[in-house]
1. Tell me the carbon and sulfur percent of the accessible area for the stretch 158-286, rounded to whole percent, probe radius 1.4 Å.
2. Could you give the nm distance between label points at Glu271 and Lys89, where each point is 7 Å from its Cα heading toward the beta carbon?
3. With every protein chain kept in place and ligands, DNA and RNA left out, what is the accessible area per residue of the stretch 153-267? Probe 1.4 Å, answer in Å².
4. Loop only per DSSP, at most 13 neighbouring Cβ atoms within 10 Å: give me the GluC sites (Glu not before Pro) in the stretch 206-282, ordered by residue number.
5. Given Lys130/Lys242; Lys202/Lys251; Lys194/Lys258; Lys203/Lys258; Lys81/Lys258, which pairs have Cα atoms separated by over 31 Å?
6. Accessible area, 1.4 Å probe, largest first: how do Lys84, Lys247 sort?
7. For the stretch 154-236, what does the alpha-carbon gyration tensor say about shape, rounded, prolate or oblate, given a ≥ b ≥ c as the root eigenvalues, a/c under 1.5 as rounded, and a/b over b/c as prolate?
Amino acid sequence: MLQKPRSRGRPNSQAERERDWGRGAAEEAPSTSRGAGSSQEARSASSQGSRRAEASPEVGPRSQQQLELKVAELVQFLLIKDQKKIPIKRTDILKHVIGDYKDIFPDLLKLAAERLEYVFGYKLVELEPKSNTYILINTLEPVEEDAEVRGDQGTPTTGLLMIVLGLIFMKGNTIKETEVWDFLRRLGVYPTKKHLVFGDPKKLITEEFVRQRYLEYRRIPHTDPVDYELQWGPRTNLETSKMKVLKFVAKVHNQDPKDWPAQYCEALADEEARARPETSGPAPSS
């Protein structure tokens with residue numbers, strides 16, 4: 001989604017945090033000695049080692065794509081279970097979604113919770129301390145500073161709109177539609193599949209948001225296959241600003257807006273331009 005920010009001595013992207021998971025091989029089983037001890041002891045040790053290997057198979061490192069797919073699967077599972085408004089049990093999550101990823105379950109749950117809040121407007125909370133049951137709460141306001149962008153007083157679709165606005169700004173104020181879908185697929189949002197929260201995502205982005213004038217959507221000439229591009233619409237410029245969208249992007253990535261110097265300077269210039277009083281026309285001559 002974004003240009004790589006400057007390093008600040010800590011994991012500066014979700015991808016880097018994900019790559020750290022699953023690293024480190026499992027402890028090697030102790031080797032049996034052939035010099036001392038009987039063959040029976042050796043066979044016994046070998047048998048015990050085999051049982052240990054079967055009981056706890058070695059977990060290798062997972063690829064970034066595997067982790068993204070697992071997080072998307074977990075988010076979808078939580079959204080589906082929440083439709084019935086019945087608390088979601090940790091045991092059900094482990095059984096139906098996590099599988100062989102139990103060793104990194106806390107990390108997966110944390111990433112899924114972040115995605116639910118910033119993209120879908122839901123907060124994952126534990127029903128009672130140490131109950132191992134969870135519910136989703138509609139937060140409506142993922143970033144406090146961005147209340148102005150919610151002209152409809154906050155809906156689940158606003159998180160998706162903010163993601164798209166952030167993509168456009170971080171890509172130089174214009175982005176190809178194909179690039180938008182490349183990113184949204186990582187969030188479990190597909191142009192050809194109905195979504196539990198967003199309904200028809202393609203219609204929402206390319207028709208609803210366009211009709212509401214949050215986005216401009218136009219065909220790119222001389223492209224084969226045909227591609228389209230997206231830009232901010234006039235309503236977005238009136239209801240929010242580049243600085244507010246940049247703060248949203250920084251919040252999602254647990255970064256500081258200044259970690260993207262080019263965008264930060266552009267957002268500052270936009271703030272200064274907005275602060276200037278509009279110049280009136282020449283005074284009529286007497």
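The values are calculated or read from the model by the stated rules, or taken from the named source; none is laboratory data. Note that the structure is predicted; figures quoted are calculated from it, not measured. Reconstructed Cβ throughout: ideal geometry from the backbone, glycine too, with neighbour counts over all protein chains shown. Ligands, DNA and RNA are excluded from the accessible area calculation, which covers all protein heavy atoms including side chains. Shrake-Rupley method; radii C 1.70, N 1.55, O 1.52, S 1.80 Å.
1. Working: 3550 of 6990 Å².
Of all accessible area on the stretch 158-286, carbon and sulfur atoms account for 51 percent.
2. If labels sit at Glu271 and Lys89, their model points lie 5.0 nm apart.
3. That works out to 47 Å² for each residue.
4. Values: sites: Glu207, Glu208, Glu216, Glu229, Glu239, Glu266, Glu271, Glu272, Glu278; in loops: Glu278.
Listed in order of number, the matching sites are Glu278.
5. Numbers: Lys130/Lys242 41 Å; Lys202/Lys251 25 Å; Lys194/Lys258 37 Å; Lys203/Lys258 34 Å; Lys81/Lys258 39 Å.
Table pairs above 31 Å Cα-Cα are Lys130/Lys242; Lys194/Lys258; Lys203/Lys258; Lys81/Lys258.
6. Values: Lys84 160, Lys247 85 Å².
Putting Lys84, Lys247 in descending order of accessible area: Lys84, Lys247.
7. oblate
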